[in-house]
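The values are calculated or read from the model by the stated rules, or taken from the named source; none is laboratory data. It should be emphasised that the depicted structure is a prediction, and the values quoted were computed from it without experimental measurement. Every residue, glycine among them, receives a Cβ derived from its backbone with ideal geometry; neighbour counts consider all protein chains shown. Side chains included, ligands, DNA and RNA excluded: accessible areas come from the protein's heavy atoms. Shrake-Rupley method; radii C 1.70, N 1.55, O 1.52, S 1.80 Å.
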Amino acid sequence: MGRVIKYEGGLMDTATTEKLKAFVRGEMTWAEVEGMTFQEARAIAQVGCDLAAAGRCEEARILFEGLVEGNPKDTASRAALGTVYQKLGRLQDAITEYSAALERDPRNPVALVNRGELYLRQGNRQGFTDIANAVEADPNGETSAGRRARALVKAIALAAVEKMKETKAQA
């Protein structure tokens, strides 16, 4: 153990003190201070996904909010939290989380397709761009988000063709 530093509540080793200072400076996440491994975070995220899939969205929200609080740089957890918020009807919170995920990883297909869909529902044309970018991020449809993006592109194209037919018929 390194040098021990006294503080009001007891003793703290210098390694912990340095980690806390790095956290305060924004150089470490709380998950890093606590020593949470990538595998541990992924295991917790899997539990959150399983809870959400089982319709236990409030419990999933708590897990994902904790993961995001511990590591705000984790784009997968931010996108998953956005998905949970979307399922809970907290649409603006969902957009906020998807946008935060996309700031760090502009090719996150989950964040792109889900934010795109929410934007389209609001009448925001950015939704088309997000969905197109989701298809580009996963061109072979390897993820469920990529497959959903491809399906939305097809549906949008079909709706546009139908609208054009209606317009011609009325002319």
Quiz prompt | Residue among 127, 141 that is outside any helix (DSSP H, G or I), without any contact (Cβ under 8 Å) to a residue 24 or more places away in the chain and open to solvent by less than 60 Å² (accessible area, probe 1.4 Å) | solution = 141
Quiz item: Considering the range 96-106 alone, what residues qualify as being closer than 24 Å to residue 60 by Cβ, open to solvent by 10 Å² or more (accessible area, probe 1.4 Å) and of a type outside the set (Ser, Thr, Tyr)?
Solution: 97, 100, 102, 103, 104, 105
Quiz item: When you look at residue 77, is it within 21 Å of residue 47 (Cα to Cα) and open to solvent by 60 Å² or more (accessible area, probe 1.4 Å), yes or no?
Solution: no
Quiz item: Taking the range 42-81 on its own, how many of its residues are of a type in the set (Gly, Ala, Ser) and touching a residue at least 24 places away in the same chain (Cβ under 8 Å)?
Solution: 9
Quiz item: Going by the conditions given, is residue 90 among the basic types (Lys, Arg) and closer than 24 Å to residue 157 by Cα?
Solution: no
Quiz item: Which condition does residue 72 not pass, out of (1) modelled with pLDDT of 95 or more; (2) open to solvent by less than 80 Å² (accessible area, probe 1.4 Å), if it passes all the others?
Solution: (1)
Practice problem: Report, by residue number, each residue of the range 59-114 that is outside any helix (DSSP H, G or I) and closer than 18 Å to residue 37 by Cβ. | Solution: 71, 72, 73, 74
Self-check item: Single residue of 94, 101, 132, 111 found to be farther than 17 Å from residue 75 by Cβ and either in contact with a helix residue (DSSP H, G or I) (Cβ under 7 Å, 6 or more places away or on another chain) or not acidic (Asp, Glu) (or both)
Solution: 132
Quiz item: Considering 17, 37, 29, which residue is in contact with a strand residue (DSSP E or B) (Cβ under 7 Å, 6 or more places away or on another chain) and modelled with pLDDT under 95?
Solution: 17
Practice problem: Considering (1) out of contact with any Phe, Trp or Tyr (no Cβ under 9 Å at 6 or more places or on another chain); (2) surrounded by fewer than 20 Cβ atoms within 10 Å (Cβ to Cβ), say which one residue 92 fails and leave the rest. | Solution: (1)
